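The values are calculated or read from the model by the stated rules, or taken from the named source; none is laboratory data. All of these numbers come straight from a predicted model, not from anything done at the bench. A quick note on method: Cβ atoms are made from the backbone with ideal geometry, for glycine too, and the neighbour counts reach across all protein chains shown.
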């Protein structure tokens, strides 16, 4: 069954979909409370992969480590990977002249990664 474009009673276009008794779905009007006949839910594929954000603020981040493996810098988030790399290059140049902690090693963390879950049946 295709979703109605508008409510047949009040002609409102705010049509929702809700779960009803016996795990059935039902279209309903959010304005006048009209409801369609319950129906068997459409079959959806179960996907075991999804994309997740790596950090709380989204964006690319980097961590710079000193020669001893200790974190020297945790960067802010960068919207574009190229912006982060530009700053990484500056840090690496600075590390070449830092006689106490350089040279630096920097890890660029991605904005989003794709993970795959394990399916059980």
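For residues that are surrounded by 16 or more Cβ atoms within 10 Å (Cβ to Cβ) and under 15 Å from residue 85 (Cα atoms), scanning just the range 43-66, find the one that is modelled with the lowest pLDDT. Steps first, answer last, please.
Looking only at the range 43-66, we keep the residues that are surrounded by 16 or more Cβ atoms within 10 Å (Cβ to Cβ), and these are 59-62, 64-66.
From what's left, under 15 Å from residue 85 (Cα atoms): 59-62, 64.
Values: 59: 90, 60: 94, 61: 93, 62: 95, 64: 96.
Across the range 43-66, the extreme among qualifying residues is 59.
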Residue that is farthest from residue 103 (Cα to Cα), among those in the range 57-93 that are out of contact with any helix residue (DSSP H, G or I) (no Cβ under 9 Å at 6 or more places or on another chain) and part of a strand (DSSP E or B): 74
- prompt: Can residue 3 be described as within 30 Å of residue 115 (Cβ to Cβ), loosely packed, with under 11 Cβ neighbours inside 10 Å and touching a strand residue (DSSP E or B) at 6+ places or on another chain (Cβ under 9 Å)?
  reply: no
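Scan the range 94-121 for residues that are surrounded by 11 or more Cβ atoms within 10 Å (Cβ to Cβ) and assigned to a strand (DSSP E or B) and jot them down. Reasoning before the result, please.
Let us first name the residues in the range 94-121 that are surrounded by 11 or more Cβ atoms within 10 Å (Cβ to Cβ), namely 94-95, 98, 101-113.
The answer is 105, 106, 107, 108, 109, 112, 113.
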